[in-house]
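A quick write-up on the structure given underneath.
The values are calculated or read from the model by the stated rules, or taken from the named source; none is laboratory data. Here the structure is a predicted model, which is why all the values come from computation and not from measurement. Cβ coordinates were reconstructed from backbone atoms using ideal geometry, including for glycine residues, and neighbour counts include every protein chain displayed.
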């Protein structure tokens with residue numbers, strides 16, 4: 001009788017621990033992204049690219065940054081409508097990626113797949129009205145808030161100035 005009671009107790013504790021573990025796994029991506037977006041928004045607000053200097057050993061904006069990559073990051077908010085995203089491409093490599101509120105990548109394009117020297121897209125969310133956007137290249141975000149990240153390879157210190165000039169032309173704006 002006593003053994004049965006302990007087995008039931010152990011079963012319920014195990015089920016409770018499994019439930020807490022699964023809830024934590026489901027919530028963690030949202031918590032990580034929320035903290036990251038809050039930090040980015042405090043720097044420049046929403047819907048604006050922040051252009052960072054090349055990472056150094058003391059740089060902590062991103063985990064495990066590459067020292068030869070220039071990062072530009074924008075927190076987007078589609079609650080007021082679609083956003084026009086324009087990102088000039090630079091050699092030797094540029095990529096633009098969109099991340100949803102749960103850290104999932106929902107969009108990625110690079111200089112080889114962009115179809116031209118500039119990525120020019122309209123970002124829409126799940127509740128964004130589509131009227132007036134016909135003929136535009138739409139990118140659909142699964143969430144109304146998220147992050148756009150541009151990565152540019154900088155092959156040398158001398159090349160940084162021209163790459164930096166081009167990247168500062170990147171913009172996020174209401175159409």
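Restricting attention to the range 20-50, the residues that are surrounded by fewer than 16 Cβ atoms within 10 Å (Cβ to Cβ) and either touching a helix residue (DSSP H, G or I) at 6+ places or on another chain (Cβ under 6 Å) or without any contact (Cβ under 8 Å) to a residue 60 or more places away in the chain (or both) add up to 18. Check whether at least one residue in the range 37-46 is under 30 Å from residue 116 (Cα atoms) and not in a helix (DSSP H, G or I), and report yes or no. Scanning the range 37-46, I find at least one residue that is under 30 Å from residue 116 (Cα atoms) and not in a helix (DSSP H, G or I), so the answer is yes. Suppose the filter is within 22 Å of residue 160 (Cα to Cα), touching a residue at least 60 places away in the same chain (Cβ under 8 Å) and under 17 Å from the mean Cα position of the chain (by Cα); does residue 71 pass it? Judged against the criteria, residue 71 is a match. Exactly one residue among 152, 169 is modelled with pLDDT of 95 or more, in contact with a helix residue (DSSP H, G or I) (Cβ under 6 Å, 6 or more places away or on another chain) and either closer than 28 Å to residue 54 by Cα or assigned to a strand (DSSP E or B) (or both), and that residue is 152. Residue count for the range 141-164, restricted to those that are surrounded by 15 or more Cβ atoms within 10 Å (Cβ to Cβ) and under 14 Å from the mean Cα position of the chain (by Cα): 10.
When you scan the range 124-135, do you find a residue that is part of a strand (DSSP E or B), farther than 23 Å from residue 35 by Cβ and out of contact with any helix residue (DSSP H, G or I) (no Cβ under 6 Å at 6 or more places or on another chain), even just one? Yes, the range 124-135 has at least one match.
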